[in-house]
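Single-structure report; data block below.
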Amino acid sequence: MDYVLIDADQALFEPAFGAAMVVVRPGLLRGSGPASLNGKRLCVVGDEASASVKGCLYRSGAYPIPGVGSLEVASLGSNQRTRTIQSGGQPLLLVGGSFTARFRVESPAQQPTAAGPIPDPMATYMGKGRFLTANRILRAR
């Protein structure tokens, strides 16, 4: 049994995304399930997309001049969705373990050289994150 995620819960991203170090900020989940708990909608599968965070600075290996990108939940862990209970026909989201996170580069970090800066060639970096909930009542499997 694990806690069900509700509207305004957080996605906490780890700063290490492979070779990139990201200045992370939490993403807020927006619950869209028709069921609610204490006036807050329950989060269902698909609501993890609402936790994206834009405008995060990053640096990567040989590219110390910061770039900018966005964080998102790329995929849920196997223990982060209910197996039997649903809301509006969708499984509920659970705190679970960790999810796979993606950092999408919008403006690449750069490497200074005598000939001018060289941009980081990577368009995405993969990392991890976890959910944090204010719910201490409703649990499910």
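The values are calculated or read from the model by the stated rules, or taken from the named source; none is laboratory data. Everything numeric in this text was worked out from a predicted model, so none of it was measured. A quick note on method: Cβ atoms are made from the backbone with ideal geometry, for glycine too, and the neighbour counts reach across all protein chains shown. The protein model used for the area step is the full one, side chains on, heavy atoms only, and it has no ligands, DNA or RNA in it. Shrake-Rupley method; radii C 1.70, N 1.55, O 1.52, S 1.80 Å.
Fully extended, how many nm does the chain gain between Ala114 and Arg25 (0.36 nm per residue separation, minus their Cα-Cα distance)?
Values: separation 89, 0.36 × 89 = 32.04 nm, distance 3.40 nm.
In short, 28.6 nm is gained.
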Legend entry - Relative contact order, percent, the chain [alpha-carbon distance under 8 Å, six or more residues apart]: 31 percent
Legend entry - Residues of the chain: accessible area per residue with a 1.4 Å probe, Å²: 51 Å²
Inset, instruction - Enumerate the amide H contacts of Leu94 below 5 Å, restricted to partners 5 or more residues apart or on another chain; note that Pro and chain-start residues carry no placed amide H. - result: Leu5, Arg81, Thr82
Inset, instruction - Describe numerically, in nm with one decimal, the distance between label points set 7 Å from Cα along Cα→Cβ at Ser107 and at Ala35. - result: 4.4 nm
Inset, instruction - Give me the percent of the accessible area of the chain that comes from carbon and sulfur atoms, probe 1.4 Å, all protein chains in place. - result: 54 percent
Legend entry - Long-range Cα-Cα pairs in the range 11-141 (distance over 17 Å), rounded percent: 59 percent
Inset, instruction - Along Cα→Cβ, 7 Å out, is where each label goes; now give me the distance between the ones at Leu132 and Arg83 in nm to one decimal. - result: 3.0 nm
Inset, instruction - Averaged over every viewing direction, what's the projected area of the C-alpha convex hull for the range 23-75? Give it in nm², one decimal, please. - result: 4.5 nm²
